[in-house]
Amino acid sequence: ILFFGGWLPPMDLPLFHMIPGFMWMILKISFFLFIFLWVRASLPRYRYDQLMRLGWKVFLPFTLIFFVLQASFMTHFDLLP
């Protein structure tokens with residue numbers, strides 16, 4: 001989960017501290033809402049059968065491979081708790 005600072009300015013510059021915190025929050029929400037709607041409107045919509053195929057043939061194998069790689073990485077470098 002990414003945290004974008006909430007009401008805090010993106011950088012610690014004196015110019016940014018003149019803008020109140022609630023305005024930063026509104027600007028960040030508006031920016032990400034715009035990006036989300038733009039991407040959603042630009043990409044094609046998937047049918048239910050296409051989503052199921054994508055989940056079973058792409059996402060599930062990718063997740064399992066990532067899980068095995070992560071476990072082997074943690075075992076190899078002695079990062080287990």
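Values for this structure:
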| quantity | calculated |
| --- | --- |
| Qualifying position, being on the phi > 0 side of the Ramachandran plot and either outside any loop (DSSP other than H, G, I, E, B) or loosely packed, with under 10 Cβ neighbours inside 10 Å (or both), among ASP78, ASP49 | ASP78 |
| Matching residues in the stretch 1-26 - criterion: being part of a loop (DSSP other than H, G, I, E, B) and of a type in the set (Phe, Trp, Tyr) | PHE3, PHE4, TRP7 |
| Flag if PRO61 is in a loop (DSSP other than H, G, I, E, B) and either out of contact with any Cys (no Cβ under 8 Å at 6 or more places or on another chain) or loosely packed, with under 10 Cβ neighbours inside 10 Å (or both) | no |
| All positions within the stretch 7-44 that are touching a residue at least 12 places away in the same chain (Cβ under 8 Å) and either loosely packed, with under 11 Cβ neighbours inside 10 Å or under 15 Å from the mean Cα position of the chain (by Cα) (or both) | PHE22, LYS28, PHE32 |
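Each value in this text was obtained by applying a stated rule to the coordinates, not by laboratory testing. Please read all numbers here as calculations on a predicted model, not as lab measurements. Counting neighbours? That spans all protein chains shown, and the Cβs are built from the backbone with ideal geometry, glycine included.
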